[in-house]
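Asker: Structure provided below as structure tokens; questions to follow.
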Amino acid sequence: MDTTTHAAPPAAAGPLSLHGLSVEGVNQCVHCGLCLAYCPTFSELGTEMDSPRGRIFMIKSLAEGRMSLSDSTVRHLSLCLDCRACETVCPAGVPYGRLIEAAKAEIERDRPGALGRRLFRWLNFGLLLGHPRLLGLAASGARFYQASGLQRLVRKSGLVRLLPGTLPAWEALLPPVPAKAERTAPPRVTPAEGPRRARVALLTGCVQSVIFAAHNRATARVLAKNGCEVIVPDGQGCCGALNAHGGDHERALAMARKTIDAFESARADAVVVNTSGCGAHMKAYGHLLAADRGYAERAKRFAASVRDLAEFLAQEPLRGSLSSVPLTCTYHDPCHVAHGQKIKSEPRTLLAQIPGLRVVELAESDWCCGSAGIYNLTEPEMATRLLHRKVSHVLATGAEAVVTANPGCILQIQAGLGAHGSAVRVLHLVEILDRAYGGPGGAQ
Amino acid sequence: MSPLTDTRKRELRRELESIVGQAAVLSDPDELMVYESDGLTLFRALADFVVFPTSAQHVSAVVKLANRENLPFVARGAGTGLSGGCLPTEGGIVISMMRMNRVLEVDYENQIAVVEPGLVNLHLSWKVGPRGYYYAPDPSSQQACTIGGNIANNSGGPHTLKYGVTTNHVLGLEVVMPDGEIVWLGGKTREACGYDLAGVFVGSEGTFGIATRIVVRILKKPQAVKTVLAVFDAIDQASAAVSAIIARGLVPAAMEMIDRLTIQAVEDAFNCGYPRDADAALLIELDGLAVGMDTQAEHIVAACRESGAREVRTARSEAERQLLWKGRKSAFGAYGRVSPAYMVMDGVIPRTKLPYVLRRVNEIVAAAGLRVGNVFHAGDGNLHPNILYDPRKPGEEARVVAAGAEIMKVCAQVGGSISGEHGIGLEKADFMPFIFSAADLALMHRLKSAFNVSGLCNPGKIFPTKKSCVEVGPVAYRPHAIEEKGLAQRF
């Protein structure tokens, strides 16, 4: 044992930060370890470096200069799902999500990786997420690839195996893109039905607006049924959650400002979000832009108005007449709804109000399915392990459908069930609600 | 300094990989650093390797290799221990049991389960829960700590009061002895013949070998449970209530005390329902047959009221009950909300001395210019004063250690002990002479030598390292022997 390299932390260090972002929160961790068994990666690997306590220790050691961004440190920090399950059980209140985002930003600055990886990140974070029009073009391209039979050809002929690097894995995960006619956003304004409850603005999202535009339209309908005038503000794009979680801090700031600009003009009582990571991230805008003089106050106000769809709707009993949805379903908690926003009972309360619907509880319902933003692309091995775990729990329930509230989870769990040859479907909560109101759900 | 050269280290790594597999050996300095402490961050030490076996054969082969190389080794569970018991104080190999976490067998009719040591304590109760059973020992860290770690420390928990500690629930163990031999101590039934070696092994803090399979009792869940929260404006009143309850001949399943500072921390954490302005609260649980429970509860309420409780209420729902327990069991971690670090003491005293000792604890800590939170198993007289400090402030650690030693001495003076359930480990090794004579310690050492002939199995623990091990004078802070050697540091 070489103790000479085992330097003690500085006795009286200044405020700890990484990439200019405060990580003082590490000092709240008293190393009790109560988080350990709730961390999916620790549960799979049993290695302290892949646990929340271990990662907090690494982040602290990095900030104190006791540790460097070595290959192994980068590896273990990158393997974090950012699911924030540890935050839910942490008695000390360690703001883990902020710490890991700061660490990831530091990694991206100092260890951006090989050219291929940088290119991939620039393509996603820089081009597609930041520019809705380019994302739309890419979606049309993907749609052509899938609908023209080209995809079948590429897959059947084995051409897919000739793609470089991890592209074949990404190709396999490419979700089915709906035709352009089905990718339309909800109307700019949907009038409230019945006694007016609120004026709400809807985030249509980036990936959501391409793959699951039908969920957005269903959301507008369900909100209108519940007395809401629904506004879809122009000029909105990606909220920046994927960028922030991926360590692309500067662009995340720009996207947050742009989102605030777009939504302020709507003068809504609440900003309603039907995707997990976006809701959690937008609620943190106040913290994100705290140092931005022009935006700090506005960001705080904006963040306070953000509501997850279930959170917003469950404040009152569902209005109007609900028809029967004869189905046995189970509910999977998206991480950034359950852990990022501490919303667990609300979706269940809503489901319980739907006649004919039987809800059975899912074991480890609030465990990450492995989707985790773009984690299933960047860490396919761990993502697959967690997906298998999720799928086996789903199958054990005997449910006909899994209800959840996030596009990433829907795609991931559906892919996992498909690979098991299961006919169990994955639905967004709003699809079930829309159906109960006589709408088409997401099947339109 | 490590006796291993880099070349030798690489060779040993390859050999360890050939035993447990490539993805089951750590030797990268950054990775090893993450294993430098357990739940007590005051002590740190670096291993040369961390390995992750998945079978007794793996463990045995690693232990034999360590013996051949004269390398120390120590088993580690979740690392939630609070006495530095799993630290590799002299380097060598940390054997992590976290990948041996299966429930191998459950025999409901005979009420036993066979488990691997890396199984999380609570996960056993989850496993057998649907059939109406549970595993009784419930350390507060049960959501994370492992049954193997519980075996090492003979862990207790709130329900120790009625159900006993870990040893009362272990029937037998498969153990890799410190020389690598695999043996069974005890079995699946209560054995009356021969030495009670399972009993000797439980609580030996990893110095007698490494358990690889454990036969534990599982109990039928009680028919009824009632949880009472009694609120006091003075901590002495709460102490008096504890004695009053026992004096009435009642044996609650658990009787926990939680003081003001701790209440505030856990309320900040989870809004559990403890009144923030109370000086102390008692969480008292009754369990067993439904018949007669209401009468018992009335006696408890009466005893609390007579002792001056300002409010006594019963949890109205399972959710409310669970929340109260969540607060109690998360208390240590919740100190992170009020302090960047804490050191927990684990003294045991006769129940009747509670008021006196608590007063002394507060005086000692106040004199050191520090704060203390108390949350403990009042029914057993097992105290947990948690001294809060800031490791970044120069000199605070030394004051914490000195105050801790003072508290331990008070416990010993009133006829108590220096550890209830956390183990002696590294932290309290030098306090052993407070309660044991040189002859007592020598006998213990002979027993250790019988199991652990080479001394390579978890060295540096339990036994005092100072030259004069019967020294009982005032204990000011002095560097531990291993610190002087530069093998561990306080921070």
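Asker: Residues that are more than 7 Å from chain B (Cβ to nearest Cβ) and within 26 Å of A:Val337 (Cβ to Cβ): does the range A:58-67 have at least one?
Answerer: Looking through the range A:58-67, at least one residue is more than 7 Å from chain B (Cβ to nearest Cβ) and within 26 Å of A:Val337 (Cβ to Cβ).
Asker: Still on this structure: Looking only at residues in the range B:190-210 that are outside any loop (DSSP other than H, G, I, E, B) and among the hydrophobic types (A, V, I, L, M, F, W, C), which one is surrounded by the fewest Cβ atoms within 10 Å (Cβ to Cβ)?
Answerer: B:Val200
Asker: Taking the range A:38-53 as the search range and keeping residues that are buried (at least 24 other Cβ atoms within 10 Å of the Cβ) and at the interface with chain B (Cβ under 9 Å from one of its Cβ atoms), which one is farthest from the chain's Cα centre (by Cα)?
Answerer: A:Glu48
Asker: Mind checking which pairs have a first residue in the range B:432-450 that is in contact (Cβ under 8 Å) with a residue 60 or more places away in the chain and a second that is surrounded by 12 or more Cβ atoms within 10 Å (Cβ to Cβ) and of a type outside the set (A, V, I, L, M), Cβ under 6 Å, 6 or more apart or different chains?
Answerer: Matching pairs, first to second residue: B:Lys448/B:Thr207.
Asker: Please determine, by comparing only the residues of the range A:399-440 that are among the hydroxyl-bearing types (Ser, Thr, Tyr) and more than 14 Å from the chain's Cα centre (by Cα), which one is farthest from A:Leu387 (Cα to Cα).
Answerer: Taking the range A:399-440 as the starting set, the residues that turn out to be among the hydroxyl-bearing types (Ser, Thr, Tyr) are A:404, A:422, A:437.
Going one step further and asking which of them are more than 14 Å from the chain's Cα centre (by Cα), we end up with A:422, A:437.
On the way: A:Ser422: 14, A:Tyr437: 32 Å.
Only one residue fits best here, namely A:Tyr437.
Asker: All but one of (1) within 14 Å of chain A (Cβ to nearest Cβ); (2) without any contact (Cβ under 8 Å) to a residue 24 or more places away in the chain hold for B:Asp277; which doesn't?
Answerer: Exception for B:Asp277: condition (1).
Asker: Can you find, within the range A:371-415, the residue that is farthest from A:Thr330 (Cα to Cα) among those that are assigned to a loop (DSSP other than H, G, I, E, B) and touching a helix residue (DSSP H, G or I) at 6+ places or on another chain (Cβ under 6 Å)? Please lay out each step first, then the result.
Answerer: Filtering the range A:371-415 for residues assigned to a loop (DSSP other than H, G, I, E, B) gives A:371-374, A:379, A:398-400, A:405-406.
Now restrict to residues that are touching a helix residue (DSSP H, G or I) at 6+ places or on another chain (Cβ under 6 Å): A:371, A:373, A:405-406.
Numbers: A:Ser371: 18, A:Gly373: 22, A:Ala405: 12, A:Asn406: 15 Å.
Top of the filtered list is A:Gly373.
Asker: Being of a type in the set (Val, Ile, Thr) and in contact (Cβ under 8 Å) with a residue 40 or more places away in the chain is the filter here; which residues of the range B:285-325 pass it? Walk me through it before giving the result.
Answerer: The first filter runs over the range B:285-325 and keeps only residues of a type in the set (Val, Ile, Thr), leaving B:291, B:295, B:300-301, B:312, B:314.
Result: B:Ile300, B:Val301, B:Val312, B:Thr314.
Asker: Separate question: Out of (1) at pLDDT 95 or above; (2) of a type in the set (Lys, Arg); (3) in contact with a Gly (Cβ under 6 Å, 6 or more places away or on another chain), the odd one out for B:Arg371 is which?
Answerer: Tallying (1) at pLDDT 95 or above; (2) of a type in the set (Lys, Arg); (3) in contact with a Gly (Cβ under 6 Å, 6 or more places away or on another chain), B:Arg371 fails exactly one: (3).
Asker: Are any residues in the range B:2-14 more than 12 Å from every other protein chain (Cβ to nearest Cβ), within 24 Å of B:Ser60 (Cβ to Cβ) and surrounded by fewer than 15 Cβ atoms within 10 Å (Cβ to Cβ), and if so, which ones? So that I can check it myself, show each step before the final result.
Answerer: The initial filter retains those residues of the range B:2-14 that are more than 12 Å from every other protein chain (Cβ to nearest Cβ), namely B:7-8, B:10-14.
Filter once more, keeping what is within 24 Å of B:Ser60 (Cβ to Cβ): B:8, B:10-14.
If the condition is that a residue be more than 12 Å from every other protein chain (Cβ to nearest Cβ), within 24 Å of B:Ser60 (Cβ to Cβ) and surrounded by fewer than 15 Cβ atoms within 10 Å (Cβ to Cβ), then B:Arg8, B:Arg10, B:Glu11, B:Arg14 are the ones that fit.
Asker: Just for strands (runs of 3 or more DSSP E) wholly inside the range B:76-125: which have at least 1 residues that are under 27 Å from B:Arg13 (Cα atoms) and within 12 Å of chain A (Cβ to nearest Cβ)? Walk me through it before giving the result.
Answerer: On the way: elements: B:93-96, B:103-107, B:112-115.
Where strands (runs of 3 or more DSSP E) fall fully within the range B:76-125 and carry at least 1 residues being under 27 Å from B:Arg13 (Cα atoms) and within 12 Å of chain A (Cβ to nearest Cβ), they are B:93-96.
Asker: Pick from B:Ala341, B:Ala366: which is among the small types (Gly, Ala, Ser) and without any contact (Cβ under 8 Å) to a residue 60 or more places away in the chain?
Answerer: On the way: B:Ala341 fails: without any contact (Cβ under 8 Å) to a residue 60 or more places away in the chain.
Matching residue, one of B:Ala341, B:Ala366: B:Ala366.
Asker: Looking at B:Val400, is it away from chain A (no Cβ under 14 Å) and touching a residue at least 12 places away in the same chain (Cβ under 8 Å)?
Answerer: Numbers: away from chain A (no Cβ under 14 Å): no; touching a residue at least 12 places away in the same chain (Cβ under 8 Å): yes.
Against the criterion (away from chain A (no Cβ under 14 Å) and touching a residue at least 12 places away in the same chain (Cβ under 8 Å)), B:Val400 does not qualify.
Asker: Could I ask something else about it? When the range B:153-189 is examined, which residues are found to be assigned to a loop (DSSP other than H, G, I, E, B), more than 23 Å from B:Leu82 (Cβ to Cβ) and of a type outside the set (D, E, K, R)? Can you show your working first?
Answerer: Of all residues in the range B:153-189, those assigned to a loop (DSSP other than H, G, I, E, B) come to B:154-159, B:164-165, B:177-181, B:187-189.
Among the residues that remain, those that are also more than 23 Å from B:Leu82 (Cβ to Cβ) are: B:177-181, B:187-189.
Hits for the range B:153-189 are B:Met177, B:Pro178, B:Gly180, B:Gly187, B:Thr189.
Asker: If you don't mind, another one. Check whether at least one residue in the range B:347-370 is assigned to a loop (DSSP other than H, G, I, E, B), buried (at least 24 other Cβ atoms within 10 Å of the Cβ) and either away from chain A (no Cβ under 14 Å) or touching a Leu at 6+ places or on another chain (Cβ under 8 Å) (or both), and report yes or no.
Answerer: Initial filter on the range B:347-370 (assigned to a loop (DSSP other than H, G, I, E, B)): B:347, B:349-350, B:368-370.
Then keep just the ones that are buried (at least 24 other Cβ atoms within 10 Å of the Cβ); that gives B:347.
Pick out the ones that are also either away from chain A (no Cβ under 14 Å) or touching a Leu at 6+ places or on another chain (Cβ under 8 Å) (or both) and you get B:347.
Yes.
Asker: Being within 11 Å of chain B (Cβ to nearest Cβ) and over 18 Å from A:His19 (Cα atoms) is the requirement here; does A:Ala92 meet it? Before the answer, list the steps.
Answerer: Values: within 11 Å of chain B (Cβ to nearest Cβ): yes; over 18 Å from A:His19 (Cα atoms): yes.
Yes; evaluated as a whole, the condition is true for this residue.
Asker: Something else now. Return only the number of the condition from (1) at pLDDT 95 or above; (2) within 14 Å of chain A (Cβ to nearest Cβ); (3) buried (at least 18 other Cβ atoms within 10 Å of the Cβ); (4) out of contact with any helix residue (DSSP H, G or I) (no Cβ under 7 Å at 6 or more places or on another chain) that B:His58 does not satisfy.
Answerer: Result: B:His58 passes all but (4).
Asker: Right, next: Could we say that A:Gly418 is surrounded by fewer than 17 Cβ atoms within 10 Å (Cβ to Cβ) and closer than 22 Å to A:Pro178 by Cβ here?
Answerer: Details: surrounded by fewer than 17 Cβ atoms within 10 Å (Cβ to Cβ): yes; closer than 22 Å to A:Pro178 by Cβ: yes.
Answer is yes for this residue.
The values are calculated or read from the model by the stated rules, or taken from the named source; none is laboratory data. The model shown is predicted, which means the values in this text are computed figures rather than measured ones. Glycine gets a Cβ as well: all are built from the backbone with ideal geometry, and neighbour counts include every protein chain shown.
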